[in-house]
Amino acid sequence: MQRNASEVCSARGCGNPATWALRWNNPKIHTPDRRKTWLACDEHKESLSDFLGRRSFLRETEPFS
């Protein structure tokens, strides 16, 4: 079954279904209320969250269905 690209993990090379939505923004270029979204599978949730967190970009993490 082919998945919609908007429903798969954002990690490079990963095609797993997304189970998490990582909401973030870059305060240098986005207004405080703007949110961008990366999707993550269970395997990549921590690494993607860490990447965004180290840059102080991560705002919310919520389940994705």
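The values are calculated or read from the model by the stated rules, or taken from the named source; none is laboratory data. Only a predicted model underlies this, so the values are computations on that prediction, with no experimental measurement involved. So basically every Cβ, Gly included, is an ideal-geometry build from the backbone, and we count neighbours across all protein chains shown. Surface accessibility is based on the protein's heavy atoms, side chains included, excluding ligands, DNA and RNA. Shrake-Rupley method; radii C 1.70, N 1.55, O 1.52, S 1.80 Å.
Scanning the range 10-65 for residues that are among the small types (Gly, Ala, Ser) and in contact with an Asp or Glu (Cβ under 7 Å, 6 or more places away or on another chain) yields a count of 2. Among residues of the range 46-63 that are open to solvent by 80 Å² or more (accessible area, probe 1.4 Å), those with a beta-carbon under 9 Å from a residue that is in a helix (DSSP H, G or I) and of a type in the set (A, V, I, L, M, F, W, C) at least six positions away or on a different chain give the pairs 59/52. Taken over the range 46-63, the criterion of being more than 17 Å from residue 12 (Cβ to Cβ) and among the polar types (S, T, N, Q) is satisfied by 56, 61. Within the range 24-45, the residues that satisfy the criterion of being closer than 22 Å to residue 13 by Cβ and either exposed (fewer than 13 other Cβ atoms within 10 Å of the Cβ) or not small (Gly, Ala, Ser) (or both) are 24, 36, 37, 38, 39, 41, 42, 43, 44, 45.
Scanning the range 16-47 for residues being in contact with a Lys or Arg (Cβ under 8 Å, 6 or more places away or on another chain), at pLDDT 95 or above and not polar (S, T, N, Q) gives a total of 7.
If I ask for residues that are β-branched (Val, Ile, Thr) and touching a residue at least 24 places away in the same chain (Cβ under 8 Å), which ones from the range 12-45 would you list?
Scanning the range 12-45 gives a single hit, 19.
Within the range 26-49, the set of residues being more than 17 Å from residue 7 (Cβ to Cβ) and over 11 Å from the mean Cα position of the chain (by Cα) comprises 26, 27, 28, 29, 30, 31, 32, 33, 34.
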